[in-house]
1. Past 32 Å, Cα to Cα, is the threshold; run LYS97/LYS212; LYS70/LYS159; LYS170/LYS193; LYS154/LYS178; LYS96/LYS208; LYS70/LYS160 against it and keep the listed order.
2. With all protein chains present, how much of the accessible area of segment 168-218 (probe radius 1.4 Å) comes from carbon and sulfur, to the nearest whole percent?
3. DSSP loop (so not H, G, I, E, B), at most 10 other Cβ within 10 Å: list which trypsin sites (Lys or Arg not before Pro) in segment 174-220 pass both filters.
4. Figure the gain on full extension for GLU198 and GLU162 (residue separation times 0.36 nm, minus the Cα-Cα span) and round it to one decimal in nm.
5. What dipole magnitude, in Debye to the nearest 20, does segment 61-143 give about its Cα centre under +1 on Lys/Arg Cβ and -1 on Asp/Glu Cβ?
6. What is the extension gain from SER72 to ILE114, computed as 0.36 nm multiplied by their sequence separation minus the C-alpha to C-alpha distance, in nm to one decimal?
7. Under the rule a/c < 1.5 gives rounded, and otherwise a/b versus b/c splits prolate from oblate, where does segment 74-148 land using the Cα gyration tensor?
8. Could you provide, to the nearest whole Å², the per residue accessible area of segment 75-220 with probe 1.4 Å?
Amino acid sequence: MLAQETTESGDVVIEKKSEISEHDQTATNQILDNLERLAKDPESSEKIKEKYDGVVNKNRGFIAQVTNLKDSALRVQTPNGEDVFITPDKSTTIIKKGKSTTGENLTLSEWFTIDDWLVLIGVQNNDVFSPRRIIIASETPIPEEQFVLRGTMKSSQSKKIEVNILGQEKSESFTIDKNVNLVNQANETITVKDLTIEAPVLLIGTIKNNKKTLQTLRLL
């Protein structure tokens, strides 16, 4: 606990009232000395500011995929292509399928494999990321995006179609399987044989890992 008194000269004196260890007392005295210098001397204020300007700590959480395992470090890549080296330490908690361990007892090959998706939570200090928690998943935790496209049929096979996309110079191919819903203008189920060349179509599906998966094709 700190108390303040004001002297006749107007200086503020800060006195410590609670009991603390010798180590904490030294740290506290250093902070108080810095505060006094900041209050009395603009030049000292700038020196203290410069001392701490290089230390930039920021909490960070992101998703990435394991691309390489080496000794005690992981190399991961974020969805936007950023490469990051991750070195778990004794303060890092690793979670996988309901089980957990710490970096202190970690054998990388027993917990991580290439292409694993990770949710990483930790502290960013300039260019260095220090993980505090790593959650491992075999599939990407990134939510799927949806796409809606219009176009005309270019070609069709039993398990594949190619469509000229409206507004694009190139065509796109899509796999046709039992999960794809093919319907006509009346919303009646049709087959690939009903898809004639140049027929206008509406395509609806999802995007995952930059790959489009067709869910519904509707004749227009």
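1. Details: LYS97/LYS212 28 Å; LYS70/LYS159 41 Å; LYS170/LYS193 23 Å; LYS154/LYS178 21 Å; LYS96/LYS208 22 Å; LYS70/LYS160 41 Å.
Violating the 32 Å limit, Cα to Cα: LYS70/LYS159; LYS70/LYS160.
2. 44
3. Passing both the DSSP loop test and the Cβ count: LYS178.
4. Values: separation 36, 0.36 × 36 = 12.96 nm, distance 1.07 nm.
Full extension of this stretch gives 11.9 nm more.
5. Working: 8 positive and 10 negative charges, 63 e Å.
So the magnitude is around 300 debye.
6. Using 0.36 nm per residue and subtracting the Cα-Cα distance, I get 13.7 nm.
7. Details: a/c = 2.07, a/b = 1.36, b/c = 1.53.
Cα axes put segment 74-148 in the oblate bin.
8. Details: 9290 Å² over 146 residues.
For segment 75-220, the per-residue accessible area is 64 Å².
The values are calculated or read from the model by the stated rules, or taken from the named source; none is laboratory data. Values in this document were obtained by computation on a predicted structure and should not be read as measured data. Note that we place each Cβ from the backbone using ideal geometry, even for glycine, and neighbour counts take in every protein chain shown. What goes into the accessible areas is simple: the full protein's heavy atoms, side chains included, and nothing from ligands, DNA or RNA. Shrake-Rupley method; radii C 1.70, N 1.55, O 1.52, S 1.80 Å.
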